[in-house]
């Protein structure tokens, strides 16, 4: 059958879709690039924010007309929303044929075969430890691909009060170190130069159901980074997202000493107020967060930081918000995903009064965005007249006459093309102009 997969949400969903597609290809199916040519439509859904679910359900609802025209078409939902809504999706979208949870993507071939043989609703939303051995399945890397995701674990044990992830992704499960390294070696053989490690809490890798390590304990994630760093052919290693409570000295030392681990870190903050952090069930204080930041800056002077922040969480006062704003400026985040709080059914925060008015949430959001823009512009301006290492990604998306790549600190760098230079090459670029979002320059020998 011809199959179309649409992915919503995070990088982990993208990686799951790739694994799902690999299982479908192995079973003899064919992937297509548009809905019109497909016999099967699969939507890998997101549930982190209410709007993501609304968008996916809206799309599924629209397909009712298509089902009337093509009654044999198979329509399915998988991923986080499928795990969260379960049978409710069949009530909202009666023409939906199947629902697969987050750990059931490997069942897609048999699910499709079952529905093709006998029409009816099918649902699989249990949690299955076997999924950890299915996560390495992937489609062949396309020609010219420079970077690739590797999912090293899945699930989360933290149960932040606002977050649906532990409920839809299950408990933490880590892949075997040897399996991850084998996948990385295969990617290198296919021309990949940069690997991007994924997990809901990558710093908890190898600690399944164990407490966060203290500063004087080992870090299994640091040991994994060291193993990947030894692979010949890998130029850069990135990862997302670690939990601050799991960022101990062993991991900081690994980031500082391993030459392929990039000098950039996405470290979710959520709030700079200790009172809010406690209500959010984030097991650290603003002081502890800043301790981690200072240690990283001391050992990696050129490190850049990005983060996640929630404004308007239930009970957030002006003083709480000011504490967040102050800490963000103190760290000097160069990128941030700033979310206006919205309740997620099934989380502890959903039982709290959503008492911060919408206009206040919007005002706080805009204040932090303005701060971020000013910081980013100033930070990028400091690169004028500096020569930096750039991994070439390809033609610029905004200007086909120029090339684009990324620095080790994850800045977008735009430069004029040079014959013989293409995706995957590492070049030196002299920066001669900057903006809040990009650096511009010329290649130097």
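Structure values in brief
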read-out	value
Residue match in the range 169-191 (condition: modelled with pLDDT under 95, within 24 Å of residue 291 (Cα to Cα), assigned to a loop (DSSP other than H, G, I, E, B) and under 21 Å from the mean Cα position of the chain (by Cα))	no
So residue 66, is it at pLDDT 95 or above, surrounded by 13 or more Cβ atoms within 10 Å (Cβ to Cβ) and either on the phi > 0 side of the Ramachandran plot or outside the structural domain of residue 140 (by TED's automatic domain parsing) (or both)	no
Looking only at the range 296-320, and only at residues there that are in a helix (DSSP H, G or I) and more than 25 Å from the chain's Cα centre (by Cα), the one that is surrounded by the most Cβ atoms within 10 Å (Cβ to Cβ)	320
Looking only at the range 1-21, and only at residues there that are part of a strand (DSSP E or B) and over 18 Å from the mean Cα position of the chain (by Cα), the one that is farthest from residue 196 (Cα to Cα)	2
Boolean, residue 341 is in contact (Cβ under 8 Å) with a residue 60 or more places away in the chain and either within 28 Å of residue 80 (Cα to Cα) or surrounded by fewer than 18 Cβ atoms within 10 Å (Cβ to Cβ) (or both)	yes
Selected residue (criterion: farthest from residue 123 (Cα to Cα)) from residues of the range 33-47 that are touching a strand residue (DSSP E or B) at 6+ places or on another chain (Cβ under 6 Å) and surrounded by 17 or more Cβ atoms within 10 Å (Cβ to Cβ)	38
Count of residues meeting criterion [more than 21 Å from the chain's Cα centre (by Cα) and within 18 Å of residue 158 (Cα to Cα)] in the range 254-279	6
Scan of the range 174-212 for residues that are touching a helix residue (DSSP H, G or I) at 6+ places or on another chain (Cβ under 7 Å) and more than 24 Å from residue 231 (Cα to Cα), ordered by number	200, 212
Evaluation of residue 359 against (1) in a strand (DSSP E or B); (2) under 30 Å from residue 270 (Cα atoms) (one fails), failing number	(1)
Residue among 241, 306 that is assigned by TED's automatic domain parsing to the domain that holds residue 371, modelled with pLDDT under 95 and touching a strand residue (DSSP E or B) at 6+ places or on another chain (Cβ under 6 Å)	241
All positions within the range 76-95 that are surrounded by 15 or more Cβ atoms within 10 Å (Cβ to Cβ) and more than 14 Å from residue 7 (Cα to Cα)	83, 84, 85, 89, 90, 93, 95
Selection from the range 85-109 of residues that are in a helix (DSSP H, G or I) and touching a residue at least 60 places away in the same chain (Cβ under 8 Å)	105, 106, 108, 109
Selection from the range 203-223 of residues that are assigned to a helix (DSSP H, G or I) and surrounded by 23 or more Cβ atoms within 10 Å (Cβ to Cβ)	203, 204, 221, 222
Matching strands (runs of 3 or more DSSP E) fully within the range 366-445 where at least 2 residues are under 20 Å from residue 196 (Cβ atoms) and either within 23 Å of the chain's Cα centre (by Cα) or not assigned by TED's automatic domain parsing to the domain that holds residue 321 (or both)	387-395, 403-407, 412-415
Meets criteria (under 22 Å from residue 14 (Cα atoms) and either in contact (Cβ under 8 Å) with a residue 12 or more places away in the chain or part of a helix (DSSP H, G or I) (or both)) for residue 116	no
Count of residues meeting criterion [in a helix (DSSP H, G or I), over 21 Å from residue 72 (Cα atoms) and touching a residue at least 40 places away in the same chain (Cβ under 8 Å)] in the range 22-54	6
Some residue of the range 427-437 being touching a strand residue (DSSP E or B) at 6+ places or on another chain (Cβ under 7 Å) and modelled with pLDDT under 95	yes
Enumeration of residues in the range 387-405 that are in contact (Cβ under 8 Å) with a residue 24 or more places away in the chain and surrounded by fewer than 12 Cβ atoms within 10 Å (Cβ to Cβ)	none
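Here is a yes/no grid of residues against (1) in contact with a helix residue (DSSP H, G or I) (Cβ under 6 Å, 6 or more places away or on another chain); (2) over 22 Å from residue 243 (Cα atoms); (3) not assigned by TED's automatic domain parsing to the domain that holds residue 203:
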site	(1), (2), (3)
83	yes, yes, yes
93	yes, yes, yes
97	yes, yes, yes
108	yes, yes, yes
112	no, yes, yes
117	no, yes, yes
139	yes, yes, no
143	no, yes, no
160	no, no, no
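The values are calculated or read from the model by the stated rules, or taken from the named source; none is laboratory data. Since this is a predicted model, take the numbers as computed values, not measurements. Heads up, the Cβs are rebuilt from the backbone with ideal geometry, glycines too, and the neighbour counts pull from every protein chain shown.
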